[in-house]
Amino acid sequence: MNIVSIKNLNITFKQHENLVHAVRNISLDLSEGESLGIVGESGSGKSVTFMSLLGLINSPNAIINADKLEVGGIDLLTNQKKQLAKIRGKIASMVFQDSMTSFDPLFTVGYQIIETILTHKDTNKEEAFKEALQLLKKVEIQNPEKVINYYPHQLSGGMLQRAMIAMALSCEPKLLIADEPTTALDVTVQAQILQLIKDLQLEKNMSLIMITHDLGVIAETVDRVIVMYGGQIMENSNVYEIFDQPKHPYTKALIDSIPGQEPGKRKLKEITQIERDSWYASL
Amino acid sequence: MNTVLDLKNISKHFIINKGLKNIFSQQKEKFIAVDKVNLKLESKKVLGLVGESGSGKSTCGLMAMRLLNPSSGNIILENNNITTLKNYELKSYRKKMQIIFQDSYSSLNPMMTLAQIIIEPFVIHNLHTLNERQELAKELLNKVGLDKTYHNRYPHELSGGERQRVSIARALALKPTILVADEPTSALDVCVKAQVINLLHDLQEEMGLSILFISHELNVLRSLADTISVMYRGRIVEEGDTEIIFSNAKHPYTKSLLDAIPSLNPNNRKKRNFISAEEIETNIPKFSKDDVIANIHSHHKQLIQINENHFVEGVVN
C-alpha cells in the first residue's frame, strides 16, 4: 500500500499581482517502509511540497491544486480540517531544521512531548510521562530523568534535535518527514543523528522522507532519490544510480559542487547563470 | 618561510558566575576555553582550524584579531607584539587584519546600504576622498561578484550567499594581508557554499592573502587549506599538511572527524562507532622513540612531531 500518493500537485503563492509557482505538476508515490530523499537548493520547492502533506501551508495566499493528494489512504483535498487531525502525529509527523524555534521556550521539553501524547492518545498523565521518558531513552539522550524537566535553551542543538525526534515518534507514525534535520549541526553530531533516524526507521518499519540540500546525507540514509529544481522533479531514481550515472546536468552539478572529494587545493564546480537559464527554459 | 601571524602559548579563561557565592569568594570558577595553543599563519597560505562547537576555535580567531583579550600568551603580528596594545595603538594594525563572521545577517548593519557598509572602514581610518570611496566601493562589489547596481540596497534584500560576499568585500576594503574567516560557509546551501569557497580561493591568489579559516567541516578545508590544525577541548591535538591529515591521521579525535564526513558512495554505508569523550582522552596515540623527531612541551600533554609537517598529541614509550 502507498503511504503517500501525489498526482499533479501544484502549489502557487500570490505575491502582490504576481503568481509564484513554487511546485509544478509533481507526482510521486511512497510505499510503506520505503525511504525517499528529496534534494534541491533553497527555493526549489522541496519543503513546501511535503509541508502540504501535513496541512502546514495555510496562508490565504497559497493555492493548492492536485488531482490526488493522499496520506495513509486519507484524502487531503476534501474536508481538510477533520482529516488533518487524523494524519498529524499518528500517520505522519515532521522533524524541522531549526529545533530551537520549533520548541516553545516557555515550557519544558518533557511537557511538550507529554502534550503531544495526550492530544493523540487515550491515556492519562502518568502513563504519558512514562512514555515520554521511554522516548527520550530511545533517542539516546543521557539522563532522560533530568532532561525531561529541562527548558529548550538548556539543551545543545544536537540534544534538542533528538528531543524533537522523540516528539515526532511519540505516536508511532507510519511516516516521518525530516526537513533538513542536520543542517544546523556539527559534523559528528550530524552523523549521530542520521544514524539514529536510520536505526529507528528500520526498527519501526516507518517510511521516511528526508529533505536536504546535502547529497552526502542522501547517500547515507535513503533508498530512492528525487532531485527537485524550480518546483519540478528533475530526476527520480534509486540512490545508486543517482551517484553512478546522474542523468540530469543539475544532479551532476550538485554532486560536483561538494567540497573535499579529491585531494589538493582546487576550485569547485559552480552552477553558472547560463546553465540555470537553460534548465529554466526546459521546465 | 615568513610567519605573518603567530599565536604563542595563548590561553583564554572565562570566569563563570554562579550567583552570589562565586561573586564574593576568592576562588572563582574558571572555564578554560583555549589552553596554551600555538598557531603559526605563514605568508600567503591558508591555515584551517577545525573542531567541534565549543572546542575554542572561534575564541582563537577572536583573540588573533584582539577582539578578545587573551588570559596569557602572546600575539605576534608581522614581528610586532600586539598582545597588550591599547585600542588606539591597535588602530594601525587593524588595517592589516580583517575578519568575516559566520552569520552575515547579524554582522551587517541593517540600517546601512551596502555602499555605506563597505565605505565604513575608509571612514574609520580616514582614507580617500568621498568620490574615491564611492568608486572603491563599486570596485569591491565587482570584485566579490556582485553587480554595481547593488550599492544602494540594504542587507535584508540580499540572499545569504550575497550577504556573505558583502562581508568579504568589507573585509577586503583596507587591503589586509591577513583574513580570519570564522565559519563563513556553514550557513550556506551546497551550491552557494561552492561559490563562496571559490571566491576566497581566487581572492587569496590574487591579493596574496594569508587566511586563518575556521570551520567544523573538514571537507571544506580540504579544497581550501594548505595546513590543518585540529582543536579539541581548547587544545591543538593534531596539525599537519592537509593531505597528511586526510591520509594519515593519528589522533582518535581527528579520526572521528574524518569518519563523520558523509561518504558520497551509497555502497559504502557503514555503521559508525561513535567514540565518547572519555575514549578520546584515554586512547591517546603512543609512539616509540624512533618515530619522534621533536617534542613540544607547551602543555601537560605534549605535541609530538612525527614527520616533517605532522604533529600529534600523544605519549612516547
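Read-outs throughout are calculated quantities, based only on the coordinates presented, and are distinct from any laboratory measurement. Remember, predicted model here, so these are calculated numbers, not experimental data. Note that we place each Cβ from the backbone using ideal geometry, even for glycine, and neighbour counts take in every protein chain shown.
Measuring nothing but how far apart in sequence close Cα pairs (under 8 Å, 6+ apart) lie, relative to its length, the stretch B:211-317 scores a relative contact order of 24 percent. When the charge dipole of the protein assembly as shown is built from unit charges on Cβ atoms (+1 for Lys and Arg, -1 for Asp and Glu) and taken about the Cα centre, the candidate among A:233, A:249, A:95 whose Cα reaches farthest toward its positive end is A:95. For A:223, B:147, the sequence from fewest to most other C-beta atoms within 10 Å is B:147, A:223.
Ignoring the sites themselves, chain B has its longest run without GluC sites (Glu not before Pro) in a DSSP loop having at most 12 other Cβ atoms within 10 Å at B:30-307.
Size descriptors for the stretch B:33-90: radius of gyration and Dmax over Cα atoms are 12.0, 35 Å.
Once Rg and the Kirkwood radius are both taken over the C-alpha atoms of chain A, their ratio Rg/Rh works out to 0.98. Its Cα centre serving as origin, the protein assembly as shown has a Cβ charge dipole (Lys and Arg +1, Asp and Glu -1) of approximately 1240 debye.
For peptide A:177-190, the mean count of partner chain Cβ atoms within 10 Å of a residue's Cβ comes to 4.
Write out the trypsin sites (Lys or Arg not before Pro) in the stretch B:239-271 meeting two conditions: DSSP loop, and at most 11 other Cβ atoms within 10 Å of their Cβ.
Loop-located and lightly packed - B:270, B:271.
Seen from residue A:67, the other residues with C-beta closer than 15 Å to its C-beta sum to a net charge of 0, counting Lys and Arg as +1 and Asp and Glu as -1.
With a cut-off of 14 Å between beta carbons, the residues surrounding residue A:196 carry a summed charge of +3, where Lys and Arg count +1 and Asp and Glu -1. A dipole drawn for the protein assembly as shown from +1 and -1 charges on Cβ atoms has a positive end, and of A:106, B:49, B:209 the residue lying farthest that way is A:106.
When each of B:65, A:100, B:231 is scored by the number of other beta-carbon atoms lying within 10 Å, the sequence from fewest to most is A:100, B:65, B:231. Note on the protein assembly as shown: dipole from Cβ charges, positive end direction compared against B:150, B:34, B:88; the farthest Cα belongs to B:88.
Against chain B, whose longest principal axis is taken from its Cα atoms, helix B:190-207 shows a tilt of about 80°.
Rg and Dmax of the protein assembly as shown, both derived from C-alpha coordinates alone, stand at 25.9, 77 Å. Relative to the Cα centre, the charge distribution of the stretch A:22-124, modelled as +1 at Lys and Arg Cβ and -1 at Asp and Glu Cβ, gives a dipole magnitude of about 260 debye. If one takes the longest principal axis of the Cα atoms in chain B, at what angle in degrees, from 0 to 90 and to the nearest 10, does the Cα axis of helix B:114-125 lie? It works out to around 80 degrees. Taking all Cα-Cα distances within the stretch A:94-235, those exceeding 18 Å account for 56%. The angle between the Cα long axis of helix B:160-172 and the longest principal axis of the Cα atoms of chain B comes to about 80 degrees, rounded to the nearest 10.
Using a simple spin-label model with pseudo-atoms 7 Å out from Cα toward Cβ, residue B:308 and residue B:106 lie 4.4 nm apart. Each of B:244, A:226, A:274 has some number of other Cβ atoms within 10 Å of its Cβ, and from fewest to most they run A:274, B:244, A:226.
Across chain A, the mean sequence separation of Cα contacts (distance under 8 Å, 6 or more residues apart), normalised by length, yields a relative contact order of 23 percent. Output the relative contact order of the stretch B:112-238, whole-number percent, from Cα pairs under 8 angstrom with separation of 6+ residues. Rounded, it is 21 percent for the stretch B:112-238.
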